[in-house]
1. Can you put B:HIS178, B:HIS58 in order of accessible area, largest first, using a 1.4 Å probe?
2. Grab the beta carbon distance between A:LEU220 and A:SER72, set R0 = 35 Å, and tell me the FRET efficiency rounded to 0.05.
3. Sort B:125-136, B:156-167, A:152-163 by the packing proxy (mean of other Cβ within 10 Å over each peptide's residues), most packed first.
4. Using a 1.4 angstrom probe on protein heavy atoms only, which residues from the range B:160-207 are buried by at least 40 Å² of accessible area when all chains are present rather than their own chain alone?
5. For a quick check of understanding: with a 1.4 angstrom probe and all protein chains in place, what accessible area in square angstrom does A:HIS75 have, to the nearest ten?
6. Report, ordered by chain and residue number, the aspartates and glutamates lying within cross-link reach of A:LYS49, taken as a straight Cα distance under 20 Å and ignoring same-chain residues fewer than 8 apart.
7. Might you work out the accessible area of B:SER137 for me, using a 1.4 Å probe with all protein chains in place, and round it to the nearest 10 Å²?
8. Determine the shielding of peptide A:79-88 by partner chains: average, over its residues, the number of Cβ atoms on other chains within 10 angstrom of each Cβ.
Amino acid sequence: MTKTIFTNILGCFVIDDNKGIIEQKLFADYAAYSQREDVEKAFRAKHPKALPFPEENFPTILALFADQRYFSLFHERNIELTKAALKAAVSDDDFIFQTISTLKDLDKICNMLAKRLREWYDLYAPEVVRGIESHAQFVAAVLERQKSADSFGADLAETDVAEMQELARKIQGLSALQEQQEAYLESVMKKHCPNLLAVAGAKIGAQLLDHAKGLKRLALLPASTIQLLGAEKALFRHMTTGSRSPKYGLLYQHPLVQKARPSERGKVARMLADKLSLCARLDFFKGGLHGKEYLQELEKKLAANTLQKQKKKRVPKP
Amino acid sequence: MSPNARIGARRGERRTNGRGQARRPNKDEQKKEGGNFGRTEQSRLPEQQKEWSMQPHHVFELYQKGRHLFTKNLLPGKAPFAEQLVRDKGEEYRQMDPRRSKLSALVHKGCTNVGIRTGNIVLYLGVSHGYTASFVSDMIGPDGLLFGIDPAPRVMRDFVFLAEERKNMAPMLADANHPEEYISRVCLADVVYQDIAQRNQAEIFIKNCQLFLKKDGYGLLAVKARSIDVTKRPKVLFEDVRRQLEKVFTVIDFRILEPEQRDHCMIVVKK
């Protein structure tokens with residue numbers, strides 16, 4: 001005859017091998033549950049011979065609670081616990097995910113609206129629409145009403161032009177928001193993952209985090225996986241059909257990869273991924289700031305590498 | 001999940017694998033699906049007219065009307081996933097979509113016993129937004145209990161709202177790979193249902209069944225071939241999983257869920 005103690009979200013129970021539950025204390029509410037260790041201690045003092053419940057017998061104890069009178073308690077307590085867990089589950093990672101997604105959406109929306117404004121303004125001043133290539137400058141021009149006297153655009157009523165200018169104002173507001181969000185993203189990343197920020201930059205770093213679903217997972221990923229984040233489609237096509245494997249995913253946008261010669265880009269992406277993997281680990285395990293060193297190291301290596309290649313090319317053929 | 005999917009996923013929409021498996025058939029398609037008998041024939045043949053009234057399905061706790069599957073609505077008047085509500089003889093029924101729910105697809109494929117009865121305790125691993133779970137909650141009724149487990153906060157927020165309405169559901173933010181995390185929050189279950197996208201999904205299922213499933217209880221495992229290995233043929237993987245389960249349990253049903261669910265199969269076991 002051995003006694004054991006088992007605690008779950010319902011209460012604390014002393015169980016006898018033969019008799020079942022011999023003593024119990026149900027938790028009245030969530031506050032009582034959070035002080036469960038005190039109850040357990042009290043029980044242990046009362047039953048000094050009692051052991052913690054053996055793991056191999058879990059099904060037998062769980063069967064004791066498969067009773068309808070406990071159902072509403074299970075429902076309430078689990079909802080409370082889940083709500084608390086959800087509250088605690090929000091981290092800096094989530095801010096980064098949301099900001100980078102917002103930035104992407106804003107970029108799309110700004111472009112779309114600017115294009116629409118160009119179509120619209122074309123009726124009024126076609127020279128302005130074609131003369132200015134940058135969307136931002138064009139929107140500013142609309143607000144200033146740069147229409148030359150000899151324009152062949154229609155002479156519109158003041159109210160019609162005012163509507164176009166209203167749209168231009170909104171577009172300017174959205175691009176201001178975009179800049180503000182970029183600054184915010186950088187400030188969050190500076191706090192959360194400074195090394196990653198230093199090597200990858202805010203946008204690529206945030207996209208890497210998003211693809212890896214958080215800093216923890218990014219830190220645990222091998223460098224070869226980081227190299228191919230964002231190239232999943234090509235990778236799976238390579239694995240299923242045996243086509244050529246991708247060399248880079250998101251890292252393609254990185255200035256170092258962009259600067260490299262096309263034949264070198266795979267190598268650069270690999271070296272960069274190595275350093276990024278180190279950075280993610282430094283950030284996750286709070287290791288200190290080495291991001292800038294890594295970036296300089298990479299730049300140096302790459303500069304030396306390209307020189308070597310050029311020298312080889314210059315050797316005249318015999 | 002892509003960032004857009006995170007924002008774009010409306011309440012009640014399951015994550016799709018990019019092939020649009022969660023699409024609901026529109027009204028015209030629904031008519032076509034159930035349209036074995038036209039309206040004129042219906043008026044001519046009284047015995048076939050019976051097919052068009054709500055009838056108990058041969059699977060317990062389910063109902064059918066034409067080819068569509070229904071459960072009796074636990075909370076009449078409420079349709080949390082914008083599904084079709086049908087009234088018949090004073091009762092309200094909710095329609096299950098086989099393209100969104102693997103349980104529904106399993107019954108569509110001809111499974112005769114899914115093991116879920118009124119008053120059962122169900123452990124549901126991988127509830128997500130709770131689409132299938134809401135129908136299981138209908139099936140077990142107010143006297144049953146469903147433990148819903150998912151590790152993702154985004155979908156769990158949806159599920160908490162569903163569980164607050166339905167008193168027979170208990171949500172848990174936990175990882176099914178670590179049963180010790182939630183062992184103090186559940187009780188012995190009559191049915192274990194698992195639908196999770198993990199490479200070791202069979203292992204997780206066996207582990208959870210051994211801990212939480214009563215003797216003679218039913219286990220339902222939705223096997224996602226694409227999560228196990230993208231390079232291997234799904235059928236080969238299904239057989240592997242089946243053999244793995246047969247070592248521990250009795251397999252009583254095995255259905256491949258094409259075309260409603262791509263690269264998925266469902267295995268029903270008894271402990």
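The values are calculated or read from the model by the stated rules, or taken from the named source; none is laboratory data. Predicted model only: the values in this text are computed from it and were never measured. Cβ: placed from backbone, ideal geometry, glycine included. Neighbour counts: every protein chain shown. Accessible surface is based on the protein model in full, side chains and every heavy atom, while ligands, DNA and RNA are left aside. Shrake-Rupley method; radii C 1.70, N 1.55, O 1.52, S 1.80 Å.
1. In descending accessible area the options line up as B:HIS58, B:HIS178.
2. In this case the efficiency is close to 0.30.
3. B:125-136, B:156-167, A:152-163
4. B:VAL160, B:GLU164, B:PRO171, B:LEU173, B:ILE183, B:SER184, B:ARG185, B:CYS187, B:LEU188
5. 10 Å²
6. A:ASP16, A:ASP17, A:GLU23, A:GLU37, A:ASP38, A:GLU40
7. Counting only protein heavy atoms, the figure is 0 Å².
8. 5
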